[in-house]
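Taking it in order: structure first as structure tokens, then the write-up.
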Amino acid sequence: MKEQIVTLLAEHLPSLTEAEVRELIEIPPNPEMGDFAFPCFRLAKTLRKAPPVIAQELHDSITLPEFVEELRVVGAYLNFFIKKEVFADTLLSAVRNNNFGASTEGEGHTICIDYSSPNVAKNFHVGHLRTTIIGNSLYKIYSKLGYHVERINHLGDWGTQFGKLIVAYKKWGSEDAVKEKGIEELMRLYVLFHQEADKDPALEDEARFWFAEMERGNEEALQIWQWFVEISLEEFKRTYRLLGMEFDHYMGESFYRDKTEDVVNRLSTAGLLTESEGAKIVDLEAYDMAPCLILKNDGSSIYATRDLAAIFYRKENYNFDKCLYVTGQEQRLHFQQVFKVVELLGNEWAKDGLVHIPYGLVSLGGEKLSSRDGNVIYAEDILLEAISKIKEIIQQKNPDLEDKDTVARHIGVGAVIFNDLYNQRIKDVSFRWEHLLNFDGETGPYVQYTYARCSSILRKVEDFDASADVDVSFLTDEASLGLLKELGRFPAVVKEAATRYEPSVVARFSIAVAQAFNHYYTVNRINVEDPAERTARVMLVDITRRVLRDALDLLGITCVEKM
Ligand code: ARG
């Protein structure tokens, strides 16, 4: 209908293209102002008339199409009122489609998403929780649009820190302690190394020696390192399991250790490498950036070198249209430098094919989060705490619920995910248990509760047939049509979330749908006597349930049928 209005207006406005008209059309905030509005301000200049006059003239010259009930001039706006039944019918048949929200626009295109990527022998902290949640949601969103997505975990599993760990382990560690305490013990050894190295700087040389041995392929060194990687991965995977998230590739920095030489060769052939105090760099002064360090003065590669190698590897093996990097905003410069270097090597695709997706910090909002040793906060502990708090609530309110553990896990984890994705990703996320676990705020539990309510209504209507014909005259009241309009936005919402790399668009949409549904449910009886009316009312419950489920799925949240 919007498209027909666009064509209609464009016919009467030779000075605007259809695209410009489309861009101008608004959806008024409340239905008293119509279903579509066309503001005439921008036309004043070209037409040399006051906007309200233009609106009036358009009003007088347009022949109303069949589906428009009324055209009204309000100030500088031309407001279209769609015939309610036609509107309800159009929306309902769109939303009833099984693939509603999905599209095929991405077919034949590949997106790589580099996210999560925690560091071996360090804890999986709240910052990594954010990249994991955002990256996973982008994966779901792009998949919904038909893109092929490669989910890549670029583990921090290579670098001088492992030389230090080997030294510390050999001097002060034990196999049993590492086996028993895992990452916690590795972090203890790492801290201890730094304390001791302050007193005895020779330890630093020893650490450098051991990392160099790793790079040379020393078996003993690699064996210890490999063991640390396995132990860390085991813990990381526990967190992924709680979240219900997976990757297509665990390809950490170490994967590229034999591929950095090729990067150095390419750069040097292109004449881009310069010496600086014994190190090799790419000068980026012309682009107002600090130089990109490629090789340290001892010849070893660094984080950026391995990122360059990874980009070429991914381009060759996955032929991506875009490669997205979800990390904290403190890595902005790093990615600008790396992307620029790729571009300088003559790769035009680097310009819009490589995208850094930064996000804000996690602030603890004055709340005490339990932590294992006073300062490091493990993502796993946050998830477990959310789950146990939800379990307590269930215990109080609905002690007879079946399968309480699964329900508590989905609601608890869902609450944490939703809290992360509800605001624009660049904003800081604050953590307040009493907010994020609230069942009637703008929260995950609220949306999940609304979903469960839909399910419960449907369970009670025995004769409901999801493929039945619907008499839409029962769905033209303000609440029903309002709900249909919300639901109808889903495809545009998914698209916008993808274009802006912004899962919050979907999170906000799910809240809007839940609110519209709860309003619908308050003002309308659903399980009414009249079969035709009942079918119409229940149908709306059924499609709301599906859209809520699909929207939450795009965020990485699993719905439960009862809670
Ligand atoms: N391991 C890094 C960190 O924890 C993130 C890696 C991001 N991905 C990349 N290709 N650089 O900060």
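Here are the numbers:
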item: Selection count, the range 142-182, where residues are touching a residue at least 60 places away in the same chain (Cβ under 8 Å), within 17 Å of L233 (Cβ to Cβ) and either away from the ligand (no atom under 14 Å from the Cβ) or not hydrophobic (A, V, I, L, M, F, W, C) (or both); result: 7
item: Filter result (over 25 Å from the mean Cα position of the chain (by Cα) and outside any helix (DSSP H, G or I)) within the range 480-535; result: N524, R525, I526, N527, V528, E529, D530
item: Hey, Y287 surrounded by fewer than 20 Cβ atoms within 10 Å (Cβ to Cβ) and within 16 Å of the ligand (Cβ to nearest atom) or not; result: no
item: Lone qualifier among I152, I183 - being in contact with a strand residue (DSSP E or B) (Cβ under 6 Å, 6 or more places away or on another chain) and hydrophobic (A, V, I, L, M, F, W, C); result: I152
item: Of all residues making up the range 77-97, the number that are surrounded by fewer than 20 Cβ atoms within 10 Å (Cβ to Cβ) and either on the phi > 0 side of the Ramachandran plot or of a type in the set (A, V, I, L, M) (or both); result: 2
item: When residues of the range 315-333 are limited to those that are near the ligand (Cβ under 10 Å from one of its atoms) and assigned to a helix (DSSP H, G or I), the one most open to solvent (accessible area, probe 1.4 Å); result: E330
item: Filter pass, V167 being surrounded by 17 or more Cβ atoms within 10 Å (Cβ to Cβ), not in a loop (DSSP other than H, G, I, E, B) and not hydroxyl-bearing (S, T, Y); result: yes
item: Among (1) under 23 Å from the mean Cα position of the chain (by Cα); (2) within 22 Å of Q331 (Cβ to Cβ); (3) surrounded by fewer than 17 Cβ atoms within 10 Å (Cβ to Cβ) - the single one S103 does not satisfy; result: (2)
item: Given (1) without any contact (Cβ under 8 Å) to a residue 40 or more places away in the chain; (2) touching a helix residue (DSSP H, G or I) at 6+ places or on another chain (Cβ under 7 Å); (3) near the ligand (Cβ under 10 Å from one of its atoms), number of the condition L295 does not satisfy; result: (3)
item: Test: residue in the range 124-137 that is within 15 Å of the ligand (Cβ to nearest atom), part of a loop (DSSP other than H, G, I, E, B), in contact with a helix residue (DSSP H, G or I) (Cβ under 9 Å, 6 or more places away or on another chain) and at positive phi; result: no
item: Members of the range 334-356 that are open to solvent by 10 Å² or more (accessible area, probe 1.4 Å), away from the ligand (no atom under 12 Å from the Cβ), free of Cβ contacts under 8 Å to residues at least 60 places away in the same chain and not acidic (D, E); result: Q336, K340, N347, W349, K351
item: Number of positions in the range 298-307 that are over 26 Å from D420 (Cβ atoms) and near the ligand (Cβ under 10 Å from one of its atoms); result: 2
item: Test result for R241, exposed (fewer than 13 other Cβ atoms within 10 Å of the Cβ), among the charged types (D, E, K, R) and within 19 Å of N119 (Cα to Cα); result: yes
item: Residue match in the range 485-493 (condition: open to solvent by less than 30 Å² (accessible area, probe 1.4 Å) and within 30 Å of G353 (Cα to Cα)); result: yes
item: Filter result for the condition that a residue is modelled with pLDDT under 95, open to solvent by 50 Å² or more (accessible area, probe 1.4 Å) and over 17 Å from D89 (Cβ atoms), over D463, D553, D530; result: D463
item: Matching entry among K296, K259 (being at pLDDT below 95 and farther than 28 Å from E502 by Cβ); result: K296
item: Condition met for G34 (away from the ligand (no atom under 16 Å from the Cβ), touching a helix residue (DSSP H, G or I) at 6+ places or on another chain (Cβ under 8 Å) and either within 30 Å of Y240 (Cα to Cα) or not aromatic (F, W, Y) (or both)); result: no
item: Residue list for the range 471-480, filter: touching a Leu at 6+ places or on another chain (Cβ under 8 Å) and closer than 17 Å to R525 by Cβ; result: L475, S480
item: In the range 424-482, the residues that are farther than 30 Å from L138 by Cβ and among the β-branched types (V, I, T); result: I457, V461, V470, V472, T476
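The values are calculated or read from the model by the stated rules, or taken from the named source; none is laboratory data. Note that the structure is predicted; figures quoted are calculated from it, not measured. Note that each Cβ is placed from the backbone with ideal geometry, even for glycine, and that neighbours are counted across all protein chains shown. All accessible areas refer to the heavy atoms of the entire protein, side chains included, with ligands and DNA or RNA removed. Shrake-Rupley method; radii C 1.70, N 1.55, O 1.52, S 1.80 Å.
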